[in-house]
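Here's the structure we're looking at; comments come further down.
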Amino acid sequence: MTTEVEEHRFPCDTCGSDLRYSPGTSLLHCDHCGSEEKITNRGVWKKLSIRELDFRKAVKDQLPEQDMEELRTVSCVNCGAHVEFEPNIHSTECPFCATPLVTDTGTDRQIKPKGLLPFELAEKDARKRMTDWLGRLWFAPNGLQDYARKGRKMQGIYVPYWTYDADTKSSYTGQRGTIYYETRRVAVNVNGRRQMQNRQVQRIRWTHTSGRVARFFDDVLVLGSKSLPKKYTDALAPWDLSALEPYRPEYLAGFRAESYTVQLDEGYKEARDYMNRMIVRDVKFDIGGDRQKIGSLDTEIGTLTFKHVLLPVWLAAYKYRGKTYRFVVNGRTGTVQGERPYSAWKIAFTVGLGLLAAAAIGFLIAQGNAGNVSFTNY
Ligand SMILES: [Zn+2]
Ligand SMILES: [Zn+2]
C-alpha cells in the first residue's frame, strides 16, 4: 500500500536553478536567469479533472490508489502544522508561528488535492496590503510596525481545505404560530379609583403541520488545518471557488503547501452543522406563519462527495517581544487579517487626551455660563 514519495522540482532548462510559479500568470519563472516556461493546459480540462470523490468510500479508506499520495512533511511542535518538506527550501522556522521547526520529518498518507486556486497576488503586493493594514491600526506598537515593514518576505502557503457536496431531503413535523389579538377587560387604577378598561392582548394560535424540504449543497468549505486561528481564515472568505484549477504541482513551485491535519470526517462534522442550520432555516420558511416550532426533523443524505483543495495565503509570523503575531493575506483578493496588537501606552495616551479634552470642554462651558450670568447681571 505504500506510494512513492513524490518530490516536485522544476529545474530551469537554461541554467538548472529552481523555477517558481509567477502569481497571476500561467508561467514558471527563473529568478536566476529570467527564463520563463508556460504551464500547459491551464484550465483546459477544468470540468473533467476536478472530480468529486465519494465521501463514504473515502472514510472507509477505499479510495483508489491514484487519489492518494504519500507526503514528506515537517511538523511544528508548537502549533501542530504539517508543512510539506521541500528539499530546496531550507526553512528553520514554522511559517505559521515562527517557532523553530523540528527537523524530524515523517510521511503522511493523504488524499491528493483535486484543485487549487493559484496565487494571483505577488509577494510585494501582499506585503504592501499588510503594511497598509498595520499602518491603519493606530494602536499597534510602533516597534512592531517597523519590524513588520522591514521584516522578511511573506511566505506563500497553500492552505488545505475540504469542500463537501450533499444532496439532502428532510421531512419534518412542527407547529405554525399565527398571531391574533384578543380584547380583554382589565382592572386599572385611575386617580386611586378602580376602573375596568379594554386591552388588546397578543396571542398565538398553534396548528400542527408537517412537510418536506430538499436542498443541494455545493462546495461547503471547511478549513483542513488548525495551525491558523479559524477566525482569521474565515475572515479571508469569500474564495472564488468557481475559478478552481485542476491541481498541478507547477503551481506549488516556490511556494509551500500545508498538509491537512483535520481529517475528512472531522471536517464533515463542521460542514454538517452548517447544512443543518440551513435546513432548519428552510423548514421554518416552509412552515410559514408568524412563529415556527420544529418538533422533529429527519434528514436523509443521498449523494455525498468531497474535494480536497488548496487555497493561496500569504503569511507572516513575527515574534516581537516574546509574543507571536500573525498576519494573513488572501492570495487572490488581498483581504488582510491578523493579530490586532495594542500598545498599552498609546491607548493610555489617547484616554488621557480624551479626559483632557473633556476637562477643557467642561471648563469652556463653565466659563460660558459664568459669562452669561455676569452679562445678565450687568
Ligand atoms: Zn534559469
Ligand atoms: Zn508552528
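The values are calculated or read from the model by the stated rules, or taken from the named source; none is laboratory data. Just so it is clear, the model here is predicted, and its values are computed rather than measured. Quick reminder, even Gly has a Cβ in these numbers, built from the backbone with ideal geometry, and neighbours come from all protein chains shown.
Considering only the stretch 74-92, I want to know if a residue exists there that is out of contact with any Asp or Glu (no Cβ under 9 Å at 6 or more places or on another chain), surrounded by fewer than 13 Cβ atoms within 10 Å (Cβ to Cβ) and modelled with pLDDT under 80. Yes, there is a match, as at least one residue in the stretch 74-92 is out of contact with any Asp or Glu (no Cβ under 9 Å at 6 or more places or on another chain), surrounded by fewer than 13 Cβ atoms within 10 Å (Cβ to Cβ) and modelled with pLDDT under 80. Restricting D132, D125 to those that are charged (D, E, K, R), under 23 Å from D18 (Cα atoms) and modelled with pLDDT of 80 or more reduces the list to D125. When the stretch 255-273 is examined, which residues are found to be part of a loop (DSSP other than H, G, I, E, B) and surrounded by 22 or more Cβ atoms within 10 Å (Cβ to Cβ)? Those that are part of a loop (DSSP other than H, G, I, E, B) and surrounded by 22 or more Cβ atoms within 10 Å (Cβ to Cβ): F255, Y260. Taking the stretch 192-206 as the range and being exposed (fewer than 11 other Cβ atoms within 10 Å of the Cβ) and either of a type outside the set (D, E, K, R) or under 30 Å from Y260 (Cα atoms) (or both) as the test, the residues that pass are G192, Q195, M196, Q197, N198, Q200, V201, Q202.
Every residue, every condition in (1) farther than 20 Å from P113 by Cβ; (2) in a loop (DSSP other than H, G, I, E, B), yes or no:
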| site | (1), (2) |
| --- | --- |
| Y158 | no, no |
| N189 | yes, no |
| N198 | yes, no |
| I204 | yes, no |
| H208 | yes, no |
| V213 | yes, no |
| F216 | yes, no |
| S225 | no, yes |
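Please go through the stretch 171-194 and pick out each residue that is at pLDDT 95 or above and among the basic types (K, R). Selection gives R176 alone.
Residues of the stretch 59-73 that are farther than 30 Å from T324 by Cα and either within 16 Å of ligand 2 (Cβ to nearest atom) or surrounded by 14 or more Cβ atoms within 10 Å (Cβ to Cβ) (or both): V59, L63, D67, M68, E69, E70. Within the stretch 281-318, the set of residues being part of a helix (DSSP H, G or I) and touching a strand residue (DSSP E or B) at 6+ places or on another chain (Cβ under 7 Å) comprises D282, V283, K284, D286, I287. Number of residues in the stretch 93-114 that are more than 9 Å from ligand 2 (Cβ to nearest atom) and at pLDDT below 80 equals 8. Of the residues making up the stretch 27-58, those that are among the polar types (S, T, N, Q) and either loosely packed, with under 13 Cβ neighbours inside 10 Å or at pLDDT below 90 (or both) are T40, N41, S49. For the stretch 238-251, filtered to residues that are in contact with a Phe, Trp or Tyr (Cβ under 7 Å, 6 or more places away or on another chain) and over 15 Å from H308 (Cα atoms), the residue that is surrounded by the most Cβ atoms within 10 Å (Cβ to Cβ) is Y251.
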